[in-house]
Each structure stands twice: as C-alpha cells, then as structure tokens.
Amino acid sequence: MSDDEQGTEVSGVVTEFHPSQNDNKPHGVYVDGDRYTTFEDEDVAEIEEGTGVRFRYEQNDEHRNIVPGSVDIVATDADPNVYGSTDQKVMESTRDRSIRCNVALKEARELCQPLITEDMSEPRFHEVVELIGGTAEQFAEKLHELNQQTPQGEQ
C-alpha cells in the first residue's frame, strides 16, 4: 500500500454482516470480531459471513469507517484456490474440513494398498509398515492441530 492511500489496512474473515436497514444506518461488517461500517452498498455487495476481505478504514471517534472503494474479496469457503496456498489463511467450515480429512484418509489407504503384496520380503514389509505408520502419525498431529483452530461459534 502506498503512503498516499488513506486509512489503515485490515484483512481477515467476516464473522458477522449486518446490512443497512435504511439510508441513515450503515452496513456493519465484523472482521475477526471487530466492527467496521460503511454506507456504500457496492463495497459490501459480495460480503457475507465467512468471506475473506481486505480493506482500509479510518478511525472516527469510536467508529471504524471503511474507506469507500477499498474493499477486496480475498477468499471464501467456495474458493478452490485457497487450499494449498501459503500466503492466505485457509477459511473453511468444520464440516468442510472434516470432509477433506476423510477424503485424504481414503486416498492414503488406496495409495498404500499396492505397496503391500503377498510376495513381499519381511524387511520390505516392515519398511512399508513403518512408512505408513509414520505418515499416519503426522496426519493425526495435523488433524489435531486443525481441530484446535475451529472458529468460535462452530461446534
């Protein structure tokens, strides 16, 4: 962001969205629990809970006003390009994460099955078992880590 752009930059996940009820009331956008407001309909046209956003805001007493035209959609649960990205937060529901983990387990089993053959030597068998066991432990640790990151309000 250049020095001539106004406001402070914020990026995160929309945890709540309250559309304006009339012309005298602003839209309320909550990002990671903090409230930001705007009267600009076009700035919030694509926003809903769970949407990843980046924008600038200006502090005015207790109000954080979104700078008009500064809102960018970063990622949403439905955005397939988020998965595997290292420069963006993975934003997915607990249900989506569970489905993804179960699919990964099924694929891991299918990938490992051909490694074990009836005519396999004893040392090769133990090598494969050790490889599979180590991979399973790493997967279990990662799954535990992901489950600890469950967003507040999701069960």
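Bear in mind that the values in this text are calculations on the coordinates, not laboratory data. As the structure is a computational prediction, the values presented were derived from the model and not from experiment. Cβ atoms come from the backbone with ideal geometry, glycine included; neighbour counts cover every protein chain shown.
Calculate, for residue 129 and residue 72, the FRET efficiency according to 1/(1 + (r/R0)^6) with r their C-beta to C-beta distance and R0 35 Å; round to the nearest 0.05. Each step should come with its number before you reach the end.
On the way: r = 49 Å, r/R0 = 1.39.
Here the calculated transfer efficiency is 0.10.
Ranking request for peptides 101-109, 11-19: highest mean number of other beta-carbon atoms within 10 Å first, then the rest in descending order. Could you put the intermediate results ahead of the total?
Values: 101-109: 11.7, 11-19: 16.2.
Descending mean neighbour count gives 11-19, 101-109.
For region 7-61, what percent of Cα pairs sit more than 13 Å apart? Mind dumping the intermediate values first?
On the way: 847 of 1485 pairs.
For region 7-61, the share of Cα pairs beyond 13 Å comes to 57 percent.
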